[in-house]
Each structure stands twice: as structure tokens, then as C-alpha cells.
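*Asks:* Here you go, one structure.
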Amino acid sequence: MSDFNQNQQVSNSTDCPNIPKQAVQEKLLTREAIVGEHLIIRRALPHRQRRMIGAWCFLDHFGPVTLKHHSEFSIGPHPHIGLQTFTYLFKGTILHRDSLGYEQIIMPGAVNLMTAGNGIAHSEESVVTEPMELHGLQLWIALPDQYRQITADFNHYEQLPTVELNGFSIEILAGNFLNQTAATKIYSPLMSAIFACNDLAETEVALNPAFEYGLLVCQGEVFLAEEKVVPGELIYLGQHRKNLKLKASKDSKFLLLGGELFQEEILLWWNFVARTEQEIITALADWHSNRRFGTVPNARDAALTAPIFKPK
Ligand code: MN
């Protein structure tokens with residue numbers, strides 16, 4: 001994904017409320033944007049009240065929507081630095097292409113993980129030969145300082161560990177959860193998992209008290225301590241939780257994500273995660289001058305033009 005907002009402001013990871021010292025349950029509303037004719041994207045992170053959850057610094061929930069033509073979801077080549085893009089689909093397919101030469105179709109249940117490091121460009125295209133339902137998530141993970149200049153890489157994980165628990169099917173996408181460890185290559189202590197149930201389900205899961213957590217409902221209804229949560233709502237759960245009681249209505253799907261507090265101050269602007277404004281200015285100049293990021297072979301659409309950078 002790419003941030004399509006043309007009026008980009010630098011998002012600073014430390015200008016949000018202090019991290020609560022205890023478990024909390026804060027409801028944050030996602031912001032909706034329409035891409036193309038009718039593709040709804042709900043942006044949960046960064047949020048004015050919560051910039052990050054662990055190293056997770058960006059969270060988009062898109063669809064469900066029926067695409068009739070590939071132009072309805074097509075993001076031309078654009079650059080990234082200092083982060084990993086983490087893509088998961090509930091329905092449909094997306095074709096990833098990048099400047100390293102990788103071309104990968106992602107299907108539901110798999111993860112596409114692109115490590116931008118010092119710089120990469122990619123495109124994301126739907127492949128629509130007949131009407132296709134598209135529903136998924138894209139997250140970005142900020143790379144810690146010691147890893148943020150590493151050489152770019154791309155990995156596809158077709159199958160991830162799944163645990164069946166009290167009516168929930170739980171797929172562990174990153175880190176360790178329920179005694180399962182996902183193979184996805186990450187650079188700081190964090191986790192994410194997708195919960196899905198066919199019927200009304202209720203369970204309790206153990207959490208890591210050293211992590212902060214959040215929960216995003218993607219379909220159906222989830223009940224947390226009797227509070228109903230629906231799509232478009234992110235619940236910030238704070239730290240110091242040993243467990244979490246969950247209840248969900250039938251056909252629900254939700255994301256649980258967590259991680260150790262990310263102690264470094266990051267600057268997020270457009271598709272870049274940096275530490276200083278000068279790094280953003282340099283990356284932007286490199287993109288406009290066709291340096292550093294390479295080109296994406298066979299991309300369907302033209303490369304994206306960056307918004308104008310306005311220092312804070
Ligand atoms: Mn992208």
C-alpha cells in the first residue's frame with residue numbers, strides 16, 4: 001500500500017498520550033478513505049491517540065469489496081524505507097512486484113513480508129478476470145535503528161501455524177503466541193494473530209505482560225469485557241495483561257497485535273519511516289531522481305509521485 005493523502009504531515013511517534021502503566025481498553029475509531037471508485041480503506045494506525053503498538057506503526061483494513069476491474073485496486077510503484085510491509089488477505093488475491101525482481105501473488109491465509117531497509121520500490125495490483133471479492137490488511141513494522149539500513153528483502157509465507165481453540169481458528173502471523181512461533185522474519189519483539197470463528201465463540205488467551213496489545217475487528221462483532229467492538233474500531237489494550245477474555249459472534253474475524261514498546265522516536269511521512277526530516281528529504285530526492293530504489297519490472301501502472309514535503 002501507499003499513503004494516498006496528498007496533504008501529508010509528519011507523524012511523530014512520541015507526540016501521543018503517555019503509555020498507560022496498566023491494562024486499558026481504549027476504543028479508537030479508524031479513518032475511512034475511498035480509493036478508486038468504491039474500495040474502502042480504514043486506517044487504524046497511526047492514530048492521533050495512538051501512533052504505534054509495539055513496532056507496528058501503520059494498519060490499513062481494506063474491503064470487503066467486489067472488484068469488477070483490476071483498475072479498482074492498483075497501486076503503482078512507490079518507495080519505502082525503514083520499515084517492513086506486512087500483507088494478509090481474508091479474500092481475493094494481490095500481485096506484488098518489487099525492484100528486487102520479486103513477483104508474488106498472495107492468497108488468503110498467507111503473508112507477504114517486504115523488508116524495505118535502506119530502500120525498495122514495489123507495486124500492488126489486483127488480478128481480476130471475473131468479479132473478485134477483496135478483503136485484507138496491510139501493516140507496517142518500524143525497523144529498529146540497528147536494522148533500518150539493511151539491504152531490502154522480500155519473503156512470502158504460504159502457511160503459518162494455526163491453533164484451534166474453543167471455536168476459534170487462530171493463525172499466528174508473526175512472533176510467538178499460544179506456544180507457536182511464526183516463521184516471518186521480524187526485528188523486534190512483537191506478535192500478530194488472526195482469529196476467525198464460524199459460530200458464536202468464547203475463549204481466554206494468555207498474553208505477554210511485557211507487550212502492549214491492540215485488537216482490530218475485521219468482520220462480525222467481538223465482545224471485550226462486555227463492550228461490543230465492530231469493524232472500524234481498534235481497541236488499545238495497554239500493557240501488563242496476563243490474559244484476555246474474548247467473545248465473538250458467528251462469522252467474526254479479528255486481528256490481535258502486540259509488541260514491546262518501541263522506545264525510539266520515529267518520523268513517519270508518506271511511505272517512509274525515518275528518524276530525521278533530512279532522511280525524508282533525501283529519500284524523496286532519491287525517488288524523484290530515480291536513485292536508490294530501483295525500478296519495478298513489468299509494473300502495470302505508472303510510478304507514484306510523492307506529495308510535497310512540509311517540514312513540521
Ligand atoms: Mn507500499
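*Asks:* If a residue counts only when it is more than 16 Å from the ligand (Cβ to nearest atom) and closer than 24 Å to P189 by Cα, which strands (runs of 3 or more DSSP E) contained entirely in the stretch 217-308 have at least 1 such residues?
*Replies:* On the way: elements: 222-224, 227-229, 233-238, 243-248, 252-259, 267-269, 272-274.
Correct list: 233-238, 243-248, 252-259, 267-269.
*Asks:* Just the residues that are of a type in the set (S, T, N, Q) and part of a strand (DSSP E or B), please, taken from the stretch 87-125. Before the answer, list the steps.
*Replies:* Keep residues of the stretch 87-125 that are of a type in the set (S, T, N, Q), which gives 87, 93, 99, 104, 112, 115, 118, 123.
Within the stretch 87-125, T87, Q104, N112, T115, S123 meet the criteria.
*Asks:* Right, something else. List the number of the failed condition for A248; all other conditions in (1) open to solvent by 50 Å² or more (accessible area, probe 1.4 Å); (2) in contact with a Cys (Cβ under 8 Å, 6 or more places away or on another chain); (3) not hydroxyl-bearing (S, T, Y) hold.
*Replies:* (1)
*Asks:* Still on this structure, I have one more. Any residue in the stretch 168-180 that's part of a strand (DSSP E or B): show its pairings with residues that are among the aromatic types (F, W, Y) at Cβ separation under 8 Å, as long as the two are six or more apart or on different chains.
*Replies:* F168/F195; S169/F195; I170/F177; I170/F195; L173/F86; L173/Y88; A174/F86
*Asks:* If you don't mind, there's one more thing I want to ask. Within the stretch 181-203, work out how many residues are assigned to a strand (DSSP E or B) and either touching a Lys or Arg at 6+ places or on another chain (Cβ under 8 Å) or farther than 27 Å from A142 by Cβ (or both).
*Replies:* Here is the first cut: in the stretch 181-203, the ones assigned to a strand (DSSP E or B) are 181, 190-197, 201-203.
Now narrow it down to the ones that are either touching a Lys or Arg at 6+ places or on another chain (Cβ under 8 Å) or farther than 27 Å from A142 by Cβ (or both): 194-197, 201-203.
Going through the stretch 181-203 one residue at a time, the tally reaches 7.
*Asks:* So S74 fits all but one of (1) open to solvent by 30 Å² or more (accessible area, probe 1.4 Å); (2) more than 16 Å from the ligand (Cβ to nearest atom); what number is the exception?
*Replies:* For S74, the exception is condition (2).
*Asks:* Mind listing just one residue for me: the one in the stretch 46-61 that is in a strand (DSSP E or B) and modelled with pLDDT of 95 or more and, of those, farthest from the ligand (Cβ to nearest atom)? Spell out how you get there, then give the answer.
*Replies:* First, pick out the residues of the stretch 46-61 that are in a strand (DSSP E or B): 47, 50, 53, 56-61.
In the following step, the residues that additionally are modelled with pLDDT of 95 or more were identified as 53, 56-61.
Details: I53: 20, W56: 15, C57: 13, F58: 10, L59: 13, D60: 10, H61: 15 Å.
Of everything passing the filter in the stretch 46-61, I53 is farthest from the ligand (Cβ to nearest atom).
*Asks:* Can you tell me which residue within the stretch 85-139, out of those that are among the charged types (D, E, K, R) and closer than 27 Å to T282 by Cβ, is surrounded by the fewest Cβ atoms within 10 Å (Cβ to Cβ)?
*Replies:* Step one: filter the stretch 85-139 for residues among the charged types (D, E, K, R), giving 91, 97-98, 103, 124-125, 130, 133.
Now drop any that are not closer than 27 Å to T282 by Cβ, which leaves 97-98, 124.
On the way: R97: 21, D98: 28, E124: 25.
Once the filter is applied, the top-ranked residue is R97.
*Asks:* Still on this model: Determine which single condition T162 fails, assuming it passes every other condition in (1) under 26 Å from I106 (Cα atoms); (2) in contact (Cβ under 8 Å) with a residue 60 or more places away in the chain; (3) in contact with a strand residue (DSSP E or B) (Cβ under 7 Å, 6 or more places away or on another chain).
*Replies:* (2)
*Asks:* Any idea how many residues of the stretch 62-71 are more than 13 Å from the ligand (Cβ to nearest atom) and either open to solvent by less than 10 Å² (accessible area, probe 1.4 Å) or touching a helix residue (DSSP H, G or I) at 6+ places or on another chain (Cβ under 8 Å) (or both)? Steps first, please.
*Replies:* Pass one, the stretch 62-71, residues more than 13 Å from the ligand (Cβ to nearest atom): 63-71.
Then keep just the ones that are either open to solvent by less than 10 Å² (accessible area, probe 1.4 Å) or touching a helix residue (DSSP H, G or I) at 6+ places or on another chain (Cβ under 8 Å) (or both); that gives 63, 65, 67.
Number satisfying all stated conditions: 3.
Conditions tested, residue by residue: (1) open to solvent by 60 Å² or more (accessible area, probe 1.4 Å); (2) among the basic types (K, R).
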residue: G258; (1), (2): no, no
residue: I281; (1), (2): yes, no
residue: W287; (1), (2): no, no
residue: R292; (1), (2): yes, yes
residue: N298; (1), (2): yes, no
residue: L304; (1), (2): no, no
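*Asks:* Determine, yes or no, whether Q84 is more than 16 Å from the ligand (Cβ to nearest atom), polar (S, T, N, Q), under 18 Å from L257 (Cβ atoms) and in a strand (DSSP E or B). First the steps, then the outcome.
*Replies:* Working: more than 16 Å from the ligand (Cβ to nearest atom): no; polar (S, T, N, Q): yes; under 18 Å from L257 (Cβ atoms): yes; in a strand (DSSP E or B): yes.
It is false that Q84 is more than 16 Å from the ligand (Cβ to nearest atom), polar (S, T, N, Q), under 18 Å from L257 (Cβ atoms) and in a strand (DSSP E or B).
The values are calculated or read from the model by the stated rules, or taken from the named source; none is laboratory data. Since we're looking at a predicted model, the values are computed, not measured. A quick note on method: Cβ atoms are made from the backbone with ideal geometry, for glycine too, and the neighbour counts reach across all protein chains shown. In case anyone asks, the SASA skips ligands and DNA or RNA and just uses the protein heavy atoms, side chains included. Shrake-Rupley method; radii C 1.70, N 1.55, O 1.52, S 1.80 Å.
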